[in-house]
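Contents: one structure, followed by commentary.
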Amino acid sequence: MMRIIRTENLIKSFGRERVVDGISLDVYQGELFGFLGRNGAGKSTFINLITDIMKPDSGDVYLFEENFGIDAVKDRIGVLPDYSSFYDQLTGLKHLQFFSRLSGKPATKKRSLEVLEQVGLEEAARWKVGTYSFGMKKKLGVAQALIHDPELLILDEPTSGLDAESVIHMQKLVQELNREGKTIFMTSHNLPEVEKICSRIAIMKEGTIALEGSLKELQQQFQATFMVTIDTGTTLGEEDKARISRGLAEKKRGGAWEDGLLHVETASEDAIPLLVQQLVQLHVPIYGVSVEQPSLEDIFLHEPEQVSDDLYKT
Amino acid sequence: MWTICFREFRELMSGFRPLLIAAVLFVVSYYTAQAAELIPDGMGNLSQEEAYVAGMRAALYVFGYLFVFTLSHNVVNKELEARTIRFLVTKASRSAIIYGKTLGTFLFWALLLLLNTILISYTAGTFYLIDYLEFLVFIFYGVTAAVLLSILIPRSAYTMFFGVLAAFALPALSFWSMLSEEWYIAWVKFVTPYYYFQFDLFYMAVPFVIGLLFYSAADRLFQRRDV
Ligand SMILES: Nc1ncnc2c1ncn2[C@@H]1O[C@H](COP(=O)(O)OP(=O)(O)O)[C@@H](O)[C@H]1O
Ligand SMILES: [Mg+2]
């Protein structure tokens, strides 16, 4: 199957910070590919590198398995770039006509109005863009990516900043365009959204791809540790706690105290009964036990302190 | 490419600026010629016909680059600052963007100069074709310099400052250079267009080639720039 997007060891730094750190990724024809990561993970920078907005420090980008550089295929891709803006004095309609001429496929007024309707901007077609809200500009951004009927759509956060109703509308539009045969590569920081509409997912973390595959594959690849929390009541003094921690350390386990709560990590579900036995041997008063498995979302998408700082301290 | 070119051209054409520029050029050309006629024997040994085109030349010397730089110092960086450039580069090649902008700006000036030349020619009763071609080269040099400046310096507030500075420095340094034998200034006349006006049209090839160098430097720089 044709690889519509292929990158090889793409690297980009800003100053000392490596924002894209050696990404090799393939996106195949007909996929609706979701690119996830928390804010600042480097998703937009990756998109900028594959759409000629930014130049990589090293590495290669191939679109449509084409070796002659991106200029040869710009009329076949539609891009919604992050951090971009329109000409305030032009109307939405005029923008689409200008942009379509720019990509060498001039659109009729009828076609432009159709596309504006597709994204839900038909009423604002003849307003100057200076009067548009953030959400309307986002929709116009998607419209200008669509206007020349490209085979590949690269959309940076097409739903962020939209109201709830428009989010659903945009997700449906993206799915419909994909069904019509367009390959779509989109970023999001919202796992449920990507779960809902995307056929394949990559999760970006600190400039690299942490996980990649279908949602199912992702959950299999991702062997989460189990977090067991024991409620020891209020009876234990500092000495007892220290003794219990030492005991756990001898059994090669880490434990962290949070008042009367003891957090211990285990590698698998099967290890939980053994842990409880060990705790009993250490004379830990057990008032309650809870087991949690952090989700993909907890690990990759929430802000770091929510997962690691408290719970994983040993 | 043409889309960008027409957009740039139309933007320059809109509003009162082209009228103002045309008026200033014509008025200065006309009255310089009139003044020259009042002096017995003319200016030096200019004939009456030459007086008009000399007037236009003087107007361009003094105001030409000032107009070019104030209008076009931000021809590229305004789109970098506004972030509209991101839509452009995803749709057209970077070379086409620079080509379109340069050509659009140049065509604007070519048209303004043509109108002025026709007016002057009508008044003087002879068409100054050679002079018009020389003016085109003069403006081409300024336009490519403005495009280069606009890519070299990403902030339009700075290019405004440096543009106006250049607009005064170019003629001032060039004339100083023509009058001076000092090594540190004498070479300047060879890299600006003023000196070559006194020779045949053929010599205007030099500033034209320098303009091409500015243009290709602008294109190269823009190829590498993150936008
Ligand atoms: N043009 C730039 N100059 C300097 N730093 C940048 C630039 N663009 C992005 N960054 C930095 O790169 C990091 C990744 O940003 P970005 O790619 O926008 O992440 P994401 O889209 O995943 O939120 C951030 O720390 C951001 O501050
Ligand atoms: Mg982003």
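The values are calculated or read from the model by the stated rules, or taken from the named source; none is laboratory data. Just so we're clear, the structure is a prediction, and the values are computed from it rather than from any experiment. Neighbour counts are summed over all protein chains in view; Cβ atoms, including those assigned to glycine, are modelled from backbone coordinates with ideal geometry. Each accessible area value is taken on the protein alone, full model and side chains, heavy atoms only, with ligands, DNA and RNA left out. Shrake-Rupley method; radii C 1.70, N 1.55, O 1.52, S 1.80 Å.
Values as computed for the structure displayed
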{"read-out": "In the stretch B:1-22, the residues that are open to solvent by 50 Å² or more (accessible area, probe 1.4 Å), assigned to a helix (DSSP H, G or I) and either away from chain A (no Cβ under 14 Å) or over 30 Å from residue B:94 (Cα atoms) (or both)", "value": "B:13, B:17, B:19, B:20"}
{"read-out": "Members of the stretch A:83-94 found to be more than 16 Å from ligand 1 (Cβ to nearest atom), in contact (Cβ under 8 Å) with a residue 24 or more places away in the chain and open to solvent by 50 Å² or more (accessible area, probe 1.4 Å), listed by number", "value": "A:88, A:89"}
{"read-out": "Test: residue in the stretch A:81-91 that is polar (S, T, N, Q), out of contact with any Ser or Thr (no Cβ under 7 Å at 6 or more places or on another chain) and in a strand (DSSP E or B)", "value": "yes"}
{"read-out": "Test: residue in the stretch B:71-87 that is of a type in the set (Asp, Glu), surrounded by fewer than 24 Cβ atoms within 10 Å (Cβ to Cβ) and either within 14 Å of another protein chain (Cβ to nearest Cβ) or at positive phi (or both)", "value": "yes"}
{"read-out": "Residue match in the stretch A:105-117 (condition: without any contact (Cβ under 8 Å) to a residue 24 or more places away in the chain, under 28 Å from residue A:190 (Cα atoms) and away from ligand 2 (no atom under 16 Å from the Cβ))", "value": "yes"}
{"read-out": "Qualifying residue in the stretch B:104-111 (condition: of a type outside the set (Ser, Thr, Tyr), buried (at least 19 other Cβ atoms within 10 Å of the Cβ) and within 14 Å of chain A (Cβ to nearest Cβ))", "value": "yes"}
{"read-out": "Selected residue (criterion: nearest to the other protein chains (Cβ to nearest Cβ)) from residues of the stretch A:39-82 that are free of Cβ contacts under 8 Å to residues at least 24 places away in the same chain and over 25 Å from residue A:16 (Cβ atoms)", "value": "A:71"}
{"read-out": "Residue that is surrounded by 17 or more Cβ atoms within 10 Å (Cβ to Cβ) and within 11 Å of ligand 1 (Cβ to nearest atom), where the choices are A:49, A:25, A:32, A:10", "value": "A:49"}
{"read-out": "Enumeration of residues in the stretch B:190-227 that are away from chain A (no Cβ under 14 Å), part of a loop (DSSP other than H, G, I, E, B) and crowded, with 18+ Cβ neighbours inside 10 Å", "value": "B:192, B:193"}
